[in-house]
Structure formats: C-alpha cells, structure tokens
C-alpha cells in the first residue's frame, strides 16, 4: 500500500465507518487517528497534510476495523470525558453518558458530606462529586469486581482515593452507615428493549449495567424499599431514569412512603432524574 497523508487516511476510514453504519464516522476517524498517532485530537488538522508513518497506519487500521464492528470509541482509546474529566473505561463498565451529568448537577445543588453511589461502574458519579466537593467522602458499590477495580483506578487518577471507598456489593447487601445522598444510575432497560439498542451497547457494554432482565423498574423498587434505612434525617435519593419512566418511577417512590418526589429533566428536555426526600 502506498503511503497516505493523514487527511487521506481519515477520509478513507470515515467512508468505511459510514458504510458500517457508524453514526458519526468523520468524528470517530479523527479521534482514532489522534489516538493511533499519539497526538491530541485538536491537533489532527495540523498533521492532515503529512504522510502517516507505517506503524501509525497499522494501529489506525486496527482501530478502524474494531470500530467498524461497533466497538465503542471510548473502549478503543481507553477513556471517556465526563463532567470535564477523563475517566478510564473498559468493556467491564458502562460508558459514561452526557445525560448522567444531569444527576451530578442536581447532586451538587444539594448538601452532602457523605454519599453512596449504587452500581458505581466506572465511578464517574462518585469520583466527580468527591472531586467537586473537597470535604466530602463516599462509598461506591458494584456487583462486578472488574467494575470495582475500574472505579478504584479512576478514584486514584483524580486524587480522591483517600475519600472514596469502593466495595463489591449486590446493591445494599454490603452497605453500612448513613448517607446524606444516595445516587444511582441503575440498569433501567427492560429485557424486551435490548433488541433495539445500538450494537455498541448490545455487543460491547456489560449487560448487567444496561438491563435488569425484567421490566426495567426492579432496581428502583429495591432502592425505594431499602434506601431510607441508609439515609441521614435530611437525606435524599437521586436516581437516573429512562426518559419514558418518569411517572412509573415517581409512583414507585411515592407508594413506598417517601416524602416529596420530583422529576428533573436533562438538557434535551427529557425526564432524566427522580429525586425523593426522606419523609419528615
């Protein structure tokens, strides 16, 4: 194969990704070339006229081949930006989503000294909140040992490891103590919805982080039933939801005897977080 410039390689790769049905092929080609060449993505345009070295071309080819079979970009480059920080990512954890920043914003608008993150995954919620609140401490739990290791690594990376405890737990099973804020982005897809999700989700992200294998609401029932026993008197619960689940999840918390139960929307105007106050 004759040498290509970076621009030619990106154009060819974008065409290949487009043919494979990848949603934003030009962006992904740019990010993956930057990773292969070990340059910042913002600098890719500067190297566009240059021929790419054979070792860079080989790495880029491997990355594009994997992206064409819908391996997420974050897994290929090993990181994902969330709330202004880069988090280490692997196929063992859910890729942090921009929608979850709504949950973080709401949490930062509340008082807390100690937080509990249920189903912590990459630790993006717990680590972000502790990084934003220098005096706070927190516990993150996940059933997956691999996820716990990933969350611990992110806590170290962002300098909050001394204030963040990560523990393997089936929801509340290994949780002790009281918390000002209990947060969760639980698996909320119903089993029947899994057939319709993108290949990136269905084939490359942990199923246990996506669906409860039931109606998508079972974890909210667990949290609504058990969380009051782990909250301080003024404590609150905040849970991320699927955009069509607002009424159902509010109803679950209301029937479980919580105080004020409210619904917050994300930047797209979709229902995204249910907040429940401990009853007076």
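Are any residues in segment 95-146 surrounded by fewer than 18 Cβ atoms within 10 Å (Cβ to Cβ) and farther than 17 Å from residue 264 by Cα, and if so, which ones? Result: 111, 113, 114, 132, 134, 135, 137, 143, 145, 146. Selection of first residues in segment 54-66 that are closer than 23 Å to residue 91 by Cα and outside the structural domain of residue 22 (by TED's automatic domain parsing) and of second residues that are modelled with pLDDT of 95 or more and surrounded by fewer than 16 Cβ atoms within 10 Å (Cβ to Cβ), restricted to Cβ pairs under 7 Å at least 6 apart or on distinct chains, gives an empty result. Residues in segment 161-188 that are surrounded by 18 or more Cβ atoms within 10 Å (Cβ to Cβ) and over 18 Å from the mean Cα position of the chain (by Cα): 163, 169, 172, 175, 179, 180, 181. Taking segment 193-280 and the helices (runs of 4 or more DSSP H) fully enclosed by it, the elements with 3 or more residues that are under 21 Å from the mean Cα position of the chain (by Cα) are at 199-204, 218-226.
The values are calculated or read from the model by the stated rules, or taken from the named source; none is laboratory data. Being a predicted model, the structure only gives us computed values, none of them experimental. Note: ideal-geometry Cβ built from the backbone for every residue, glycine included; neighbour counts use all protein chains shown.
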